[in-house]
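Chemist: This structure is in structure tokens; I'll ask about it shortly.
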Amino acid sequence: MSEDSKDLAKVSDTRYSEHEYELGLRVTHEDAVVDPGLEPHRVRMTDKSVKHENTAVRQVTALFVLSILGSAFALYAYFAFPIELGNMASVRSNTLFLGLGITLGLLGIGIGAVHWAKTLMPDNEVTEDRHLTRGSDEKRAAAVEIISLASQESGFSRRKLIRRTLYGALAFFPLPGLFLFGDLGPNVSEKLRHTTWKKGTKLARDPSQRAIKAADVTIGSVFHVIPEDLSPDDPEYLEKKSKAAVLLVRVDPSELIETEERKGWSYQGIVAYSKICTHVGCPVALYEQHTHHLLCPCHQSTFDLVDGCKVIFGPATRALPQLPITVDKDGYLVAQSDFLEPVGPSFWDRSVK
Amino acid sequence: MTKFTRKLNGMRRRPMALGIVLFAGLLAVGTGYSAVNAAVSPKSQTQHSAEEIALGKKLFLSNCASCHGKNAEGTANAPSLIGVGEASVDFQVSTGRMPGAASGPQLEVKPVQFTEEQISALAAYVGSISEGPAIPDQSILQPSGDLNTGGELFRTNCAMCHNAAGAGGALTQGKYAPNLMGSSAKTIYEAMVTGPQNMPVFNDENITPQEKNDIITYLSYLQTNRSVGGEELGNLGPVTEGLLAWLGLLGLIVAITVWLGAKSN
């Protein structure tokens, strides 16, 4: 042992020195807070006076009786407040009263037991030392013997060929799993790029699916739009609807700010934008008629409808995609094509064409 | 020890006070609407006599013309009223929103300033200047439509601003969609056809009169049927529910834990 270890042994306090630690590994603090020891025992009122003891007995008894009453009330409530078919309000009273009864039943037992333990059961502080984690030397020697005997008898260290092939088998075993992970789902990226809108699809009201004429859309109006050919019987109806949902608004054409490219995408001040927020995909539909702001209810992203639905506030980073529209020969609003960019929030390979 | 307890008490008081103030505010806003909107009584559209229109003109010149112009043509302070219709005048005046007290993000609901006859005359006068949406007939305001269709239409067209339970909600820069739980059928109908303030217009081509009646039926159902799921907490979702869970329930759990660990006297 070096000189340092001797120093450490000197400062270590008696609580630890009774165990056989290797002192070199132990961290000791010279300025450690001294263990204050146990608080002096405080005698409870229930120990000092019979009157208080009797009160506590009565309280505990009352709590247990309350529990019995609660459980009995729960039984009563089950029959007194049945759930009636077609009467939703009966569900409310059934759960409320049944729950109150069961709560009283359980809480009475719990609070009673704790109160009993705290006021009437012995409360002398007792110190129990932890046993050593380290086994005795004999036990450790016996364990080492068992392991070496097992190694000898199984031939694990002697038979190199078996040992190495076992290692190999264990290393190869997880490999098929890696390939299985690849099959966890189809690559949905292609699905995210397209909606059911195509050239000539009529714009229809949600949920009635009545087609919309351009003349129906007066200035200041908002229409919640889905493709007319979307069938509610389609097994993917909700999936398709949630991607194709569109908000249709008419503003004064002089207020519209349109890029050269998008000049032909609106019809006499009628514009159609995807309702799916580019942030995390909530339906953006809070439209303010006079400010032309479109607000997303989830994270308050705000889009300027007359300026290409550009983001003017909030966490969204891209403008809402615009659906190019026109009218057919009967005056119905129709799509010129699908959206020209993926709708909704970003996905892993959105920018890859 | 006492200093520590005092500090602890101070910490405990502040979030509670904030919670109570918030809750009181929400409550005041909620009940404020219902108190004022309930005062509106539905009436049907009638032909207006020349005297009524003349009375309306008189009222208009003395109460409205300073902002909306002598001929309702609008000024820099207020929009033109040409083409807004009787329904718009009835909605704005009978809910107390007009005459406006001050310009701001949104005109507030206030105690109604005019009698029913005066409101009717004002509407008649503005309606006589140019045509616009009429005050709805009593027959279309009865809650006898299709409840399910009404619910679906409400959730599609209205719920994003007015909340699925009609409890209202915040918009941008101080504007808000009001609570509908105290609104009369006539007010609801007039709001849809006229699009007051920043609310969009839902004309009869978009939502047919029958569908509007379905929506009124649905709202009337919400107004008269209490929530079956227990206390509504203003139907404001995570705001009030979270407040109760964090301050109320968590406080209770902390109190129980302290009691469990405390020694008996």
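Chemist: Exposure proxy check: A:Trp197, A:Trp265 ranked by fewest other beta carbons within 10 Å?
Modeler: Details: A:Trp197 28, A:Trp265 19.
With the sparsest Cβ surroundings first, the list reads A:Trp265, A:Trp197.
Chemist: Work out the length of the dipole vector of the protein assembly as shown about its Cα centre, built from +1 on the beta-carbon of each Lys and Arg and -1 on the beta-carbon of each Asp and Glu, and round it to the nearest 20 debye. Don't skip to the end; give the middle numbers.
Modeler: Values: 58 positive and 65 negative charges, 256 e Å.
In debye, rounded to 20, the protein assembly as shown gives about 1220.
Chemist: May I pose another question? Report the label-to-label distance for A:Arg159 and B:Ala255 in nanometres (one decimal), using points 7 Å from each Cα along the Cα→Cβ vector.
Modeler: 7.0
Chemist: Which peptide among A:50-60, A:106-116 comes first, and what is the full order, when sorted by highest mean count of other Cβ atoms within 10 Å? Intermediate results must be reported in sequence, preceding the final value.
Modeler: Working: A:50-60: 14.0, A:106-116: 16.4.
Most protected by this proxy first, the peptides run A:106-116, A:50-60.
Chemist: From Cα pairs below 8 angstrom and at least 6 apart in sequence, can you work out the relative contact order of chain A, rounded to a whole percent?
Modeler: Relative contact order comes out at 12 percent.
Chemist: How many angstrom lie between the C-alpha centres of region A:92-152 and region A:33-73?
Modeler: Each part reduced to its Cα centre gives a spacing of 21 Å.
Chemist: Using only atoms on other chains, find how many Cβ atoms lie within 10 Å of each Cβ of peptide B:252-261 and report the average. Write down the numbers at each step before the final one.
Modeler: Details: counts 0, 0, 0, 0, 4, 0, 0, 4, 4, 0.
Other-chain Cβ atoms within 10 Å of each residue's Cβ, averaged: 1.
Chemist: When Cβ neighbours within 10 Å are restricted to other protein chains, what is their mean count per residue of peptide A:281-294? Intermediate results must be reported in sequence, preceding the final value.
Modeler: On the way: counts 0, 1, 2, 1, 7, 11, 6, 10, 7, 7, 6, 1, 5, 1.
Counting Cβ atoms of other protein chains within 10 Å of each residue's Cβ and averaging gives 5.
Chemist: Using only atoms on other chains, find how many Cβ atoms lie within 10 Å of each Cβ of peptide B:158-169 and report the average. If you can, show how the numbers build up before the last one.
Modeler: Working: counts 1, 2, 11, 6, 1, 1, 0, 0, 0, 0, 0, 3.
Going residue by residue through B:158-169 and averaging, the value is 2.
Values in this text are rule-based calculations from the coordinates and carry no lab data. Given the structure is predicted, the values throughout are model-derived calculations rather than measurements. So basically every Cβ, Gly included, is an ideal-geometry build from the backbone, and we count neighbours across all protein chains shown.
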